[in-house]
Amino acid sequence: MSAMRTMETLGQSRAVPAISVTGLRKSYGSHRVLDGIDLAIPKGMIFSLLGPNGAGKTTTVQILSTLIKADAGEIRVAGHDVTTEPDKVRAAIGVTGQFSAVDSFLTGEENLRLMADLLHLGRATGRARVRELLERFDLTGAARKPAATYSGGMRRRLDLAMTLVGTPELIFLDEPTTGLDPRSRRAMWQIVRDLVEQDGVTIFLTTQYLEEADELADRIALLSQGGLVAQGSPEELKRMVPGGHIVVRFADPDGYRRAISHLGATSHDDAALTVQVPGAGGVKTLRKLLDRLDTHGIEVAEMTVHTPDLDDVFLALTKEPTR
Ligand SMILES: Nc1ncnc2c1ncn2[C@@H]1O[C@H](COP(=O)(O)OP(=O)(O)O)[C@@H](O)[C@H]1O
Ligand SMILES: [Mg+2]
């Protein structure tokens, strides 16, 4: 994340947030899908709603994008109330769903033109915008071919291009890379980053992939059992689960042997001359560790901190309850 973007994000966050939600509830029959969700998402960031299949991610997107109604809650999107000003919300957002809006029988260009017509862009403006988007999403070569012939990655790109015809300030991406091959996924990630950096849009992204949230998101919320079980930056979330450790490599076998007896090492490696010490790697822990080794005149060659990854967080926080 560039420093500039962080500053912008901070600056904008004092203004109207892109999304603010309090007490959002939604049930289907007796099934409580969302049971009191609170969210505050500043403008210009990539926010990721992370959760397993069936957690309620699509339901949340549908409610925030005015496609379905919540049972309860105060929800403002792009500064407008979704219940009383749905049209204003719709004018400010773009949604690319888990199930694409692309018409397979039409060509890529026709799909985009249709969108431009629906938005009343006017002939010249519409054509220019369509051409620009085909170019940007690397679809110019396939522009005259029916979307049915497109690969999964091309389809997603076309879908996103269609969303962008209306120049939205906030884009919902519901599992944008599910089912894509690794290369297409990476291409989509870059497109998402560009949207934020070049177009200044806010992204609300849902995903089941921890790696994707870690890769893209400024902020992640973990959805499980109808509630947000954790929220924060990827780094903050990783710090929430224990399991971090510090690995110290010593300059010589003598220091290494003495260190094992002085430190509460959980494991060590004779060949690599490394000792593993439990701890999340905070400044205080590291300083204490170095001080202790210093006192005994033990020379450290290298020190690395291992924080748990998002998989650890996910497993720790989304455990199925024993009902
Ligand atoms: N229209 C509907 N009618 C009944 N149940 C629904 C409907 N839509 C979603 N659900 C249920 O709500 C839960 C959350 O679904 P969804 O929001 O699609 O989850 P996710 O997108 O995280 O996979 C699931 O258990 C799903 O079966
Ligand atoms: Mg879904």
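If the Cβ limit is 9 Å and pairs must be 6+ apart or interchain, which residue in the stretch 292-309 that is under 12 Å from Phe250 (Cα atoms) pairs with which residue that is of a type in the set (Phe, Trp, Tyr)?
As it stands, the answer is Leu293/Phe250; Ile298/Phe250; Ile298/Tyr256; Glu299/Phe250; Val300/Phe250; Ala301/Phe250; Glu302/Phe250, since those pairs meet every condition given.
If you check Asp174 against the conditions, is it open to solvent by 10 Å² or more (accessible area, probe 1.4 Å) and closer than 25 Å to Leu119 by Cα? Lay out the reasoning, then the answer.
Values: open to solvent by 10 Å² or more (accessible area, probe 1.4 Å): no; closer than 25 Å to Leu119 by Cα: yes.
Taking the combined requirement at face value, the residue does not satisfy it.
Would you be able to tell me the number of residues in the stretch 15-34 that are assigned to a strand (DSSP E or B) and buried (at least 16 other Cβ atoms within 10 Å of the Cβ)? I'd like the intermediate steps shown before the answer.
Step one: filter the stretch 15-34 for residues assigned to a strand (DSSP E or B), giving 19-28, 31-34.
Among the residues that remain, those that are also buried (at least 16 other Cβ atoms within 10 Å of the Cβ) are: 19-21, 24-26, 32-34.
Count: 9.
Starting from the stretch 52-66, keep only residues that are closer than 15 Å to Ala221 by Cβ and touching a residue at least 24 places away in the same chain (Cβ under 8 Å), then list their pairs with residues that are of a type outside the set (Gly, Ala, Ser) and near ligand 1 (Cβ under 6 Å from one of its atoms) whose Cβ atoms are within a distance under 7 Å, requiring at least 6 positions of separation or different chains.
That search, which allows pairs on different chains as well, returns Gly56/Val33; Thr59/Val33.
Contact list please: Cβ distance under 7 Å, first residue in the stretch 150-162 and of a type outside the set (Asp, Glu), second residue open to solvent by 40 Å² or more (accessible area, probe 1.4 Å) and part of a helix (DSSP H, G or I), pairs at least six apart or on different chains.
Gly153/Ala187; Met162/Met115
Taking the options Ala70, Ala55, Ala101, Ala92, name whichever one is within 16 Å of ligand 1 (Cβ to nearest atom) and either among the β-branched types (Val, Ile, Thr) or more than 20 Å from the chain's Cα centre (by Cα) (or both). Give the steps one after another, and end with the answer.
Values: Ala55 fails: either among the β-branched types (Val, Ile, Thr) or more than 20 Å from the chain's Cα centre (by Cα) (or both); Ala101 fails: within 16 Å of ligand 1 (Cβ to nearest atom); Ala92 fails: within 16 Å of ligand 1 (Cβ to nearest atom).
Result of the check over Ala70, Ala55, Ala101, Ala92: Ala70.
Can you give me the number of residues within the stretch 50-70 that are more than 10 Å from ligand 2 (Cβ to nearest atom) and open to solvent by less than 10 Å² (accessible area, probe 1.4 Å)?
Of the residues in that region, 4 qualify.
Take the residues in the stretch 71-85 that are touching a strand residue (DSSP E or B) at 6+ places or on another chain (Cβ under 8 Å) and outside any strand (DSSP E or B); name whichever of them is surrounded by the most Cβ atoms within 10 Å (Cβ to Cβ).
Residue satisfying both the conditions and the ranking: Val82.
Go through (1) more than 22 Å from Lys57 (Cα to Cα); (2) β-branched (Val, Ile, Thr); (3) assigned by TED's automatic domain parsing to the domain that holds Ala18 for Thr177 and report which single condition fails.
(1)
The values are calculated or read from the model by the stated rules, or taken from the named source; none is laboratory data. Just so it is clear, the model here is predicted, and its values are computed rather than measured. No Cβ is skipped: glycine too gets one built from the backbone with ideal geometry, and neighbour counts run over all protein chains shown. Remember, those area values only see protein heavy atoms, side chains included, never the ligands or the DNA or RNA. Shrake-Rupley method; radii C 1.70, N 1.55, O 1.52, S 1.80 Å.
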